[in-house]
Amino acid sequence: LSVDTLRFLLFLYVQQLNRASLRTSLIGEEWPSPRARAAGLPGRAAGQSKNWNDQDHLAFVLMHLSDMLELLLEPEQLGASAHATRNSLVSYEAICALSFLIEGTVNNSRTIHPLHELALWQPCHGQNGYSKTSKTFSFLKLESWLRSCLIINPFGMTACLRSGKKLAWAQQVEGTTRRAKIACNTRVVPEVSPMVIMSQVYKQTLAKSSDTLVGAHVRIHRCNESFIYLLSPLCSVTIEKCRNSTFVLGPVEASVHVHSCDNIKVITVCHCLSLSSTTGCTFHILTPTQPLILAGNQAVSFAPFHTHYPMLEDHMAQVGLATVPNYWDSPMLVCKEGSDSSVFRLLPPTDFYTFVIPFEMEGDTTETPGGLPHAYQKALSQREQKVQIWQKMVKEACLTKDQRKQFQMLVESKFYEWLIQTGNRQQLDSLVPPAVSSKQAAG
């Protein structure tokens, strides 16, 4: 395996966008000189995340463009002070590396080009200082050209929420929807995977299986006390700052990343799972790679994938995922903190229950792909056996009609109490089918 060195340098450099002070997080201020603003970006509080703000991305690149270009220079192009000079030249390889961060169009066309193709376009040579003889660019002219052309990402998350298509959901029940933002940029972005953003969904059950989601990059942000079903093959999924929610995802071709979430449940087949700064979260997964446990996690539970829907195996084939190998039970601690044993656990079989996806769809999958590990299947069988014994005991009790009625009322009362105590009543209430149709549409 290998990686382009210059691109890797840029990748490491842009991590400063979310630079955080460990001392600030511990004592609430930086020492010895407290700072109210994040370094390099005026107007932003030090503790705020910039993952979702395209304006911050642009401001970061503009503010640090000179440093990034110097990072890509050959050593002989640096002056005595280790900085660029008026005569410094930037190589074509450096521009190719910078394409990792920058792309664009010519004359506002819908065709997207990487930076190195745009830089070689003949009308731009006078502005970026390209020399056909040396195949290099003038440092000063190149920087000036980039600064004059850079704009906020028109296909980013901010633009998607502002001008993207507002999605209609086949299954959506009453709840607090005033602040919810659900949008897709399919109509806007040419020839790239669509982006679907779901933000601030509160006490909702949402379900969708459609072409809009196929191959999409899904961003889920600040969703609380909700149940979200995305039953299509996806490209990647990011779940950030969500609480007390359940996410059932179709097969994910690339990665699922979970960050700063509390008490959520994620159920999916995915190529890779990574998590950071999570507390009390449970992951029912089928994955051919070891789950990556990054920094800041507490009380994480891993369990086998335990559900299915009719199109699941077809969707797995579309994204190239199979039932083996499956490393759901072999997480890797990338950032070890204190006692490793306190970070995660494998869900005990006694706490394991299967999960039913409550929507009708066309398809051939009728059981969990790959089955369940023996210990979990055994626990389910024992529980089913207890239910059968209980049912037999009730049947053989020879209750009178009034006794059966009284007994039924008692059982229903206890069940209702359990629904309220566990919070499952909200989920059941939200699954009441709409008046028109009980089937989940594919629109």
Within the stretch 105-133, which residues are among the small types (G, A, S), part of a loop (DSSP other than H, G, I, E, B) and touching a strand residue (DSSP E or B) at 6+ places or on another chain (Cβ under 8 Å)? G129
Go through (1) within 12 Å of the chain's Cα centre (by Cα); (2) surrounded by fewer than 24 Cβ atoms within 10 Å (Cβ to Cβ) and name the single condition D262 misses. (1)
Which of the residues that make up the stretch 348-391 are closer than 22 Å to L321 by Cβ and among the aromatic types (F, W, Y)? F355, F359, Y376
Contacts under 8 angstrom Cβ, first residue in the stretch 283-309 being among the polar types (S, T, N, Q) and outside any loop (DSSP other than H, G, I, E, B), partner at pLDDT below 95 and open to solvent by 40 Å² or more (accessible area, probe 1.4 Å), 6 or more apart: Q298/T279; Q298/S342; S301/F344; S301/R345; S301/L346
I285 vs. criteria at pLDDT below 95, of a type outside the set (G, A, S) and surrounded by 16 or more Cβ atoms within 10 Å (Cβ to Cβ): no
If you go through the stretch 378-391 one residue at a time, do you hit one that is assigned to a helix (DSSP H, G or I), touching a Phe, Trp or Tyr at 6+ places or on another chain (Cβ under 8 Å) and among the aliphatic types (A, V, I, L, M)? yes
Flag for R37 being at pLDDT 85 or above and either open to solvent by 90 Å² or more (accessible area, probe 1.4 Å) or touching a helix residue (DSSP H, G or I) at 6+ places or on another chain (Cβ under 6 Å) (or both): no
Are any of the residues in the stretch 134-151 modelled with pLDDT under 90, surrounded by 15 or more Cβ atoms within 10 Å (Cβ to Cβ) and in a loop (DSSP other than H, G, I, E, B)? no
Of the conditions (1) buried (at least 24 other Cβ atoms within 10 Å of the Cβ); (2) more than 11 Å from the chain's Cα centre (by Cα); (3) farther than 21 Å from A295 by Cα, the single one that V218 does not satisfy is (2)
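For (1) open to solvent by 10 Å² or more (accessible area, probe 1.4 Å); (2) assigned by the TED database to the domain that holds L213; (3) out of contact with any helix residue (DSSP H, G or I) (no Cβ under 6 Å at 6 or more places or on another chain); (4) at positive phi, each residue gets a yes or a no:
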site: T268; (1), (2), (3), (4): no, yes, yes, no
site: T278; (1), (2), (3), (4): no, yes, yes, no
site: H315; (1), (2), (3), (4): yes, yes, yes, no
site: P325; (1), (2), (3), (4): yes, yes, yes, no
site: F352; (1), (2), (3), (4): no, yes, no, no
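The values are calculated or read from the model by the stated rules, or taken from the named source; none is laboratory data. Remember, it's a predicted structure, so these values are computed and weren't measured experimentally. Cβ coordinates were reconstructed from backbone atoms using ideal geometry, including for glycine residues, and neighbour counts include every protein chain displayed. Note: accessible area is taken over every heavy atom of the protein model, side chains too, but ligands, DNA and RNA are not part of it. Shrake-Rupley method; radii C 1.70, N 1.55, O 1.52, S 1.80 Å.
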